[in-house]
Amino acid sequence: MENPTLLDSTYIKGDVARILFQNDDNFYTVLKVDVNDTNGDFEDEATIVGYFPDIVEDETYTFKGYVVEHARYGKQLKAETFQKEIPQTKDAVIAYLSSDLFKGVGIKTAEAIVNTLGEDAIHQILNDETCLSQVPKLSKDKQEQIAQQVYQNQESEQIMIRLNELGFGSKLAMDIYKFYQSDTLNVLDNNPYQLVHDIKGVGFQKADQLAQQLGIHPLHQDRLKAGILYVVEETCIKNGHTYLPVEALINAAIDLLSKNMTETIDEAAMQACIMQLVEEQKLIVMDDIVALPSLYYSELKSTQNLFKVSSDKKSLTKFDLSDIQLHIGEIEEMNDVSYATSQKEALECALQNKVMLLTGGPGTGKTTVIKGIVQLYAEMHGLSLDYDDYGEDDAFPVALAAPTGRASKRLSESTGLEALTVHRLIGWNQETKPDQLLEHEIEARLIIVDEMSMVDTWLFHQFMNAVPVDAQVVLVGDEDQLPSVGPGQVFKDLIDADVLPRVNLTEVYRQQDGSSIIDLAHRMKLGEEVDITKRYHDRSFIPCQTHQIPEIVDKVVTNAVQKGYTMADIQVLAPMYRGSAGIQKLNQVLQGILNPKEDDDHREMLFGDVIFRNGDKVLQLVNRPDDNVFNGDIGEIVGIFWAKENALNKDIVIVDFEGNEITYMRSDLMELTHAYCTSIHKSQGSEFPIVIMPIVKQYYRMLQKPILYTGLTRAKQSLVFLGDAEAFNIGLHTLGQTRLTQLLTFLITYFKGIDPTDHSDITVDNNFVLTEATMYQVNPMINMGETTPYDFLEIDKS
């Protein structure tokens with residue numbers, strides 16, 4: 001049945017015999033129900049699945065939904081709504097009121113209620129709870145307790161039914177109910193636009209449809225404000241901006257709000273709504289720009305913290321340059337290396353400054369320099385790099401980090417020291433929100449972060465908030481790689497501001513080994529013309545049409561497997577998910593080559609339309625800091641176990657992330673996808689022996705120089721281009737969208753001696769009159785120095 005509704009649904013009325021499974025977080029439940037009545041093809045017992053809060057065994061419910069055929073468990077009713085059946089007979093009502101649902105109500109009290117009110121006692125209580133005052137010897141407190149419990153027992157079912165009637169699916173309905181609880185219907189009826197802000201998965205269009213059903217006027221302020229907030233949030237998240245020009249925001253919001261309506265939206269009304277949102281602390285307006293508070297203060301506070309650390313010269317140990325150079329020579333001899341001029345400069349700079357930037361393209365020896373900086377720092381300060389020399393209460397002096405698990409693992413392998421993800425280093429867990437301030441200080445004297453181009457505005461703010469003032473910091477990255485997935489372009493702004501010491505590594509070492517991949521990358525960095533059709537020992541190009549991509553990928557990968565390469569060695573990178581040459585299609589093809597179903601013992605689990613199979617290469621889609629697994633990490637499925645085979649009594653999948661085994665329930669599988677082919681964004685921080693990159697004009701929206709550069713620099717040994725050389729050239733000359741950020745301005749303001757509180761050069765308008773209309777023209781932070789509203793927020797320590 002396509003798009004079934006409750007009008008053509010199947011119902012089952014019956015007694016809940018057993019709760020087989022219930023997820024404590026989202027109330028996804030599997031039930032066995034003894035069938036009393038149904039319009040479907042069910043006999044004495046039925047399996048029912050859905051989202052059921054407050055379900056009770058041995059109680060009678062009516063479930064409505066549609067029939068599905070589960071590959072393993074057979075026919076089930078997937079319920080969209082459920083409702084407890086109110087007891088009808090005298091004995092049933094007495095049993096209900098004296099059950100465990102009603103604490104302190106025994107059989108005698110229940111009998112007294114039924115004898116007084118009759119068999120429809122429950123209906124009477126729901127309609128008018130004061131009817132309980134008729135029951136002899138029933139105290140006022142007990143009357144209120146019973147009435148409240150009767151109402152609560154019906155509440156969740158009624159709310160779920162209402163949400164379903166309004167077009168919300170069962171999972172989304174449960175998310176809404178969990179958030180608002182008993183206030184759900186009040187929110188729906190009075191301000192459905194609140195859902196856009198509070199509930200992930202409810203967009204402005206859905207809330208707008210709901211508001212229309214409820215008769216909310218198109219020019220209502222709640223609608224206008226919701227549209228404005230939606231545009232700011234969506235545009236910043238989607239395009240990486242940290243602010244929008246006010247005029248652009250108003251125009252985009254009017255375009256959004258004017259769809260399917262005849263009324264004209266006045267620009268002055270939009271201005272007024274923006275000012276209301278400022279008053280409600282949901283937006284910040286400075287001059288002609290508007291920003292979300294979390295992004296504005298993240299950029300501002302990270303700048304202030306960076307300035308404090310870099311300016312604290314008293315904590316910097318001074319060494320003679322000759323002494324530093326002497327120790328550099330000793331480290332060269334110890335590691336059997338010979339540092340280039342720029343590498344020596346980087347080592348000297350790291351020792352002589354509180355904060356420095358280290359940049360360079362692939363093959364320039366950034367990791368070699370990082371290892372040298374750590375060893376030089378330890379030598380010059382007389383510190384041991386042996387973990388055994390430090391007790392439980394002693395902090396190791398060096399902290400190494402990178403944004404992803406794979407990048408931190410590479411950093412650890414290159415230095416011989418432990419490296420963490422930035423999230424783990426600063427104590428960011430699964431419950432942390434972007435605008436939540438963490439009370440955590442990094443216990444290290446030297447802090448080095450690699451792959452800085454991947455760090456977004458929120459993460460950089462949390463990181464700088466955790467850096468102690470007396471620490472030295474080295475930020476490392478490739479300025480030509482893609483900016484972060486989240487808002488901002490932190491590393492680019494740090495470089496462009498030119499306020500921190502920077503060493504750019506230029507000598508290319510891997511190129512000396514004959515790497516045409518490195519040569520191609522550096523030609524792109526320099527803006528030189530390149531020809532990807534030329535064939536080299538480590539790079540090739542196969543011309544083909546878009547529809548031929550899956551077939552060519554099949555042949556290339558099959559050939560690589562025959563030569564002894566494994567699933568872990570080969571990575572296909574594509575910039576888009578859909579289409580005949582998209583990530584989803586290529587993953588299906590590659591699973592069939594690299595991990596086909598060999599026999600009936602080769603276990604697999606169906607989740608939606610995706611088959612997860614033992615041995616599959618999978619990608620983590622969301623951060624799980626508590627498990628030390630992060631968005632972009634690649635692992636392998638090493639186990640699939642059915643509910644009857646494990647102590648959890650649930651179907652589970654076990655994924656090995658390079659020695660870190662994580663257990664996923666069936667409901668958690670939305671966090672995973674196949675990783676035979678991934679997006680170039682997801683590959684950042686990783687390297688692979690063989691990279692295959694389809695490049696066709698179908699990808700036109702993603703044909704941009706930073707994307708192509710990031711993709712091809714993932715290849716260590718072999719790079720294969722497929723598709724259209726002209727499409728590559730189009731991308732080569734397309735820089736992509738410029739991100740709007742304020743970090744650059746803040747950095748220049750703080751570091752170059754411009755006092756943000758100095759208003760001596762401002763011309764005073766002696767005729768200015770403070771009125772309700774002009775009050776918003778005054779900067780509320782005047783004379784507040786480095787103080788921001790964040791300083792007055794209470795930290796949630798729960």
Revision key, fill the gap. A careful count of residues in region 187-218 that are open to solvent by 60 Å² or more (accessible area, probe 1.4 Å) and under 19 Å from E280 (Cβ atoms) gives 2
Exercise for review: Test L606 against the stated conditions and say whether it is farther than 21 Å from S686 by Cα, without any contact (Cβ under 8 Å) to a residue 12 or more places away in the chain and of a type outside the set (G, A, S).
Suggested key: no
Practice item. Would you check which residues across region 397-415 are touching a Leu at 6+ places or on another chain (Cβ under 8 Å), more than 18 Å from R445 (Cα to Cα) and not in a helix (DSSP H, G or I) and list them? Key: P403
**Study point:** Number of the exception - I289 against (1) buried (at least 16 other Cβ atoms within 10 Å of the Cβ); (2) within 30 Å of I442 (Cβ to Cβ); (3) touching a residue at least 60 places away in the same chain (Cβ under 8 Å)
**Key:** (2)
Exercise for review: Looking only at region 449-466, count how many residues are part of a loop (DSSP other than H, G, I, E, B) and open to solvent by 10 Å² or more (accessible area, probe 1.4 Å).
Suggested key: 3
Check your understanding: If you go through region 31-44 one residue at a time, do you hit one that is modelled with pLDDT of 80 or more, under 35 Å from the mean Cα position of the chain (by Cα) and closer than 20 Å to K644 by Cα?
Key -> yes
Exercise for review: Considering (1) assigned to a loop (DSSP other than H, G, I, E, B); (2) at pLDDT 90 or above; (3) among the small types (G, A, S), say which one G215 fails and leave the rest.
Suggested key: (2)
Point to revise | Neighbours by Cβ (under 6 Å, 6+ apart or cross-chain): first from region 160-183, within 15 Å of Y28 (Cα to Cα) and in a helix (DSSP H, G or I); second open to solvent by 50 Å² or more (accessible area, probe 1.4 Å) and not hydroxyl-bearing (S, T, Y) | key: L172/G201; M174/F27
Review point. What is the one condition in (1) touching a Cys at 6+ places or on another chain (Cβ under 8 Å); (2) free of Cβ contacts under 8 Å to residues at least 12 places away in the same chain; (3) not polar (S, T, N, Q) that M356 does not satisfy?
Key: (2)
Review point. Taking interchain pairs and intrachain pairs at least six residues apart, which have beta carbon atoms under 6 angstrom, with the first residue in region 191-203 and among the β-branched types (V, I, T) and the second outside any helix (DSSP H, G or I)?
Key: V196/V202
Check your understanding: Can you tell me which residue in region 468-482 is most open to solvent (accessible area, probe 1.4 Å), limited to those that are touching a Lys or Arg at 6+ places or on another chain (Cβ under 9 Å) and β-branched (V, I, T)?
Key -> V469
Point to revise | Subset tally (residues that are open to solvent by 10 Å² or more (accessible area, probe 1.4 Å) and assigned to a strand (DSSP E or B)) for region 687-700 | key: 2
Check your understanding: Does V485 qualify as being over 30 Å from E348 (Cα atoms), aliphatic (A, V, I, L, M) and in contact with a His (Cβ under 9 Å, 6 or more places away or on another chain)?
Key -> yes
Practice item. State the number of residues belonging to region 207-248 that are free of Cβ contacts under 8 Å to residues at least 24 places away in the same chain and more than 22 Å from V485 (Cβ to Cβ). Key: 8
Check your understanding: Looking at region 483-515, which of its residues are in contact (Cβ under 8 Å) with a residue 40 or more places away in the chain, farther than 21 Å from K301 by Cβ and open to solvent by 10 Å² or more (accessible area, probe 1.4 Å)?
Key -> V485, P501, R502, N504, T506, E507, V508, Y509, R510, Q511, S515
**Study point:** From the options N631, N587, residue that is in contact with a His (Cβ under 9 Å, 6 or more places away or on another chain) and not hydrophobic (A, V, I, L, M, F, W, C)
**Key:** N587
Review point. Of T558, T533, T506, which residue is touching a helix residue (DSSP H, G or I) at 6+ places or on another chain (Cβ under 9 Å) and modelled with pLDDT under 90?
Key: T506
Check your understanding: Of the numbered conditions (1) within 37 Å of the chain's Cα centre (by Cα); (2) part of a helix (DSSP H, G or I), H327 satisfies every one except a single condition; which is it?
Key -> (1)
Revision key, fill the gap. Quick count over region 337-364, residues being more than 22 Å from L482 (Cβ to Cβ) and touching a strand residue (DSSP E or B) at 6+ places or on another chain (Cβ under 6 Å), is 8
Review point. Looking only at region 660-686, which residues are part of a strand (DSSP E or B), of a type outside the set (S, T, Y) and open to solvent by 30 Å² or more (accessible area, probe 1.4 Å)?
Key: N660, E661, M665
Practice item. Could you tell me whether any residue of region 625-638 is small (G, A, S), under 22 Å from the mean Cα position of the chain (by Cα) and modelled with pLDDT under 90? Key: yes
Revision key, fill the gap. Among strands (runs of 3 or more DSSP E) completely within region 586-654, the ones holding 1 or more residues that are open to solvent by 30 Å² or more (accessible area, probe 1.4 Å) are 604-607, 610-613, 634-641
Check your understanding: Restricting the search to region 240-253, which residues are out of contact with any Ser or Thr (no Cβ under 9 Å at 6 or more places or on another chain) and either in a helix (DSSP H, G or I) or surrounded by fewer than 12 Cβ atoms within 10 Å (Cβ to Cβ) (or both)?
Key -> V246, E247, I250, N251, A253
**Study point:** region 576-585 - residue that is touching a residue at least 24 places away in the same chain (Cβ under 8 Å) and open to solvent by 20 Å² or more (accessible area, probe 1.4 Å) and, of those, farthest from M702 (Cα to Cα)
**Key:** K585
Study note, to complete from the structure: Residue count, region 372-403, condition buried (at least 21 other Cβ atoms within 10 Å of the Cβ), under 22 Å from W428 (Cβ atoms) and not aliphatic (A, V, I, L, M), comes to 1
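The values are calculated or read from the model by the stated rules, or taken from the named source; none is laboratory data. Since this is a predicted model, take the numbers as computed values, not measurements. All Cβ positions, even for glycine, are placed from backbone atoms using ideal geometry, and neighbour counts span all protein chains on display. Note: accessible area is taken over every heavy atom of the protein model, side chains too, but ligands, DNA and RNA are not part of it. Shrake-Rupley method; radii C 1.70, N 1.55, O 1.52, S 1.80 Å.
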